[in-house]
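The values are calculated or read from the model by the stated rules, or taken from the named source; none is laboratory data. Just so we're clear, the structure is a prediction, and the values are computed from it rather than from any experiment. For neighbour counting, all protein chains shown are included, and Cβ atoms are generated from backbone atoms with ideal geometry for every residue, glycine included. Remember, those area values only see protein heavy atoms, side chains included, never the ligands or the DNA or RNA. Shrake-Rupley method; radii C 1.70, N 1.55, O 1.52, S 1.80 Å.
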Amino acid sequence: MFTEVITPRFCDTDALGHINNTMLPIWFEGAREPVFKIFMPELNVTQWRLILAKIDVNFHAQIFYGKAVELRTYIDRIGSSSFDVYQELWQNDIKCASGTAVMVNFCYENQRSLKIPADIQNEMKKHLFVAE
């Protein structure tokens, strides 16, 4: 698991004083950076090999301004060329949101998916989600 703690900004709120629902995909993407580094340690965009195929976000509880949130990032499934990243957002010891991103190892030059190399799969396995 990878973890990151962020402090919501005032501009992240909506008219009701909650964190705007559009922020979670942005926060989740930022928290996927350690996963990106498994594929591209230098994060060199000229050698980028990942595409986002699908995302979903589930809201479990309200998220509030002024209190830190913890983003937890796991690998949930590893396929031959794609994998799922499962993420949770916690605030005040409450799981407030969860989501999954389906990522594909991709060759932009050939516009095709690529098999995930064994060494990368092995590194990803270190971060597998285990349900409690």
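For region 57-64, the condition holds for no residue, the condition being that it is in a strand (DSSP E or B), among the aliphatic types (A, V, I, L, M) and in contact with a Lys or Arg (Cβ under 7 Å, 6 or more places away or on another chain). Scanning region 98-119 for residues that are surrounded by fewer than 16 Cβ atoms within 10 Å (Cβ to Cβ) and in contact (Cβ under 8 Å) with a residue 12 or more places away in the chain returns Cys107, Tyr108, Leu114, Lys115. Counting the residues of region 7-58 that are open to solvent by less than 80 Å² (accessible area, probe 1.4 Å) and farther than 30 Å from Phe106 by Cα gives 8. Output the residue which, of all residues in region 65-97 that are more than 22 Å from Ile120 (Cα to Cα) and outside any strand (DSSP E or B), is most open to solvent (accessible area, probe 1.4 Å). Among those that are more than 22 Å from Ile120 (Cα to Cα) and outside any strand (DSSP E or B), it is Asp93. Taken together, the residues in region 31-49 that are touching a residue at least 40 places away in the same chain (Cβ under 8 Å) and either assigned to a loop (DSSP other than H, G, I, E, B) or closer than 15 Å to Thr100 by Cα (or both) amount to 5.
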